[in-house]
Amino acid sequence: MIFSMPRICILPEVTGIGGMATFRHRFEIGLSRRGVEISHDPLDDNDAVLIIAGTRRLIPLLQARRRGARIVQRLDGINWVHRKRRTGVRHFVRAEYGNLLLAFIRSRVATSILYQSEFTRGWWQVWYGKPAAASSVVHNGVDLDEYRPLSAPNKAGGSCKLLVVEGSLGGGYDMGLENALELSRILSQQHGFPVELFVVGKIHPRHQEAVSSRAAVPIVWAGVVPRARIPDIDRAAHLFFSADLNPACPNAVIEALACGLPVVAFDTGALRELVVGDAGRVVPYGGDPWRLDTPDVQSLAAAAAEILRDRPRFCRQARAHAEQALGLERMIDGYLKVLLEA
């Protein structure tokens, strides 16, 4: 008797180094290790189709569904900052169109929904209602051999390297960078930890120059870096600040934890689901993040100082939590359960 290996179609065939591309890269590696065949054509003889957020190939998806393939949509957060800040007409239209496309697939096409966090599931249900499709939550994961800590944590002695990793740090999304600047200033001037801010992400040169001209601490602008460099960057830092507001399940946070890098953040989005116990500190925002209120950076800095004063313990707990809950194999198990099991 000949047994065929399962085949999973993954759409869209996104490339690059952003969140969706990073997920696809890791997920396909994990599937290949398990002998699962990978397709990018929904009309192939697939057992299931995984939609990473959304795709315009709606007619082929509906045809695949009629032929018996399971259609699973992996959902991130909802575009929302453009409704609170001026990000330009083009960005506004693209963000609204993206939301409508995702919502249509969620309600009319998908047979199952995979949310990246409990926060994300609740967010979608509040904004767009509860769909008929079954839903599950599976956090993102990383290869724990690739993302691993140094044999001994580097000490925050004379200075502290504060790391910020975000896909975009300009336009309407620059509030996270402003919070990082204020956090660095307070840590240096009030808590006695001279800070070097290390920023990874896309930012316009003019914005970068304007920020540097008024910063109270030195800044290293690393720009967009290859995925393979991230583990070394994480291992060289002393503390990670998650700058995004209401993030769905940020890969950068999981990567930091896996490298034994403690995380400090405001309690927004899914961060309380990821930064557990002494893996770092998540503090109240101090206002309404959905209205982009001014946050309580003083409390954030106090939490950061607590971590820096006892870094070895926090580093151990960051790695321990990643090993327990945020490994790639655990993520693959969760996805295959929804994609392939009846």
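Annotations for the structure displayed:
- Listed from fewest to most Cβ neighbours within 10 Å, the set TYR97, TYR147 follows the order TYR97, TYR147.
- Within the chain, the proportion of Cα pairs with more than 40 Å between them is 14 percent.
- Put simply, the amide H of LEU239, placed in the peptide plane, has neighbours under 5 Å in LYS161, LEU163, leaving out anything fewer than 5 places away on its chain.
- Taking amide H as placed 1.01 Å from N in the peptide plane, SER135 has its amide H under 5 Å from the amide H of ILE113, each at least 5 places away in sequence or on another chain.
- Largest-first principal axis extents, alpha carbons of the range 151-301, Å: 41, 33, 32
- Percent of Cα-Cα distances greater than 28 Å, calculated over the range 4-139: 17 percent
- Under the Karplus curve 6.51 cos²θ - 1.76 cosθ + 1.60, θ = phi - 60°, whole-Hz ³J(HN,Hα) for the range 110-116, x wherever Gly or Pro sits: 5, 8, 8, 10, 10, 8, 7
- Relative to the longest principal axis of the Cα atoms of the chain, the long axis of helix 311-325 lies at roughly 10 degrees.
- Cβ crowding within 10 Å, taken as a proxy for footprinting-reagent exposure, orders LEU75, LEU245, LEU340 from fewest neighbours to most as LEU340, LEU245, LEU75.
- Shown for the chain: lysine pairs separated by 8 or more places, or found on different chains, whose C-alpha atoms are under 27 Å apart, numbering 4.
- Remark: ARG26, ARG185, ARG94, ARG86 ranked as ARG86, ARG94, ARG185, ARG26, counting other beta-carbon atoms within 10 Å and listing the fewest first.
- About the centre of its Cα atoms, the chain shows a dipole size close to 660 debye [charges on the beta carbon of Lys, Arg (+1) and Asp, Glu (-1) only; nearest 20 debye].
- Against the chain, whose longest principal axis is taken from its Cα atoms, helix 328-340 shows a tilt of about 30°.
- The ellipsoid that matches the Cα gyration tensor of the range 233-342 has semi-axes, each √(5λ) in whole angstrom, of 26, 19, 10, with the longest given first.
- Short-range pairs are left out: with C-alpha atoms under 8 Å and at least six residues apart, the relative contact order of the range 160-325 is 23 percent.
- Near ALA48, the amide H atoms lying under 5 Å from its own belong to ARG7, CYS9, ARG70; only residues 5 or more places off or on other chains count, and H is placed 1.01 Å from N.
- The distance linking the range 23-58 with the range 268-326 is 34 Å (Cα centroid to Cα centroid, whole angstrom).
- Between the Cα long axis of helix 205-214 and the first principal axis of the chain there is an angle of about 30°, rounded to the nearest 10.
Read-outs throughout are calculated quantities, based only on the coordinates presented, and are distinct from any laboratory measurement. Not measured: the values here are computed from a predicted model. Cβ coordinates were reconstructed from backbone atoms using ideal geometry, including for glycine residues, and neighbour counts include every protein chain displayed.
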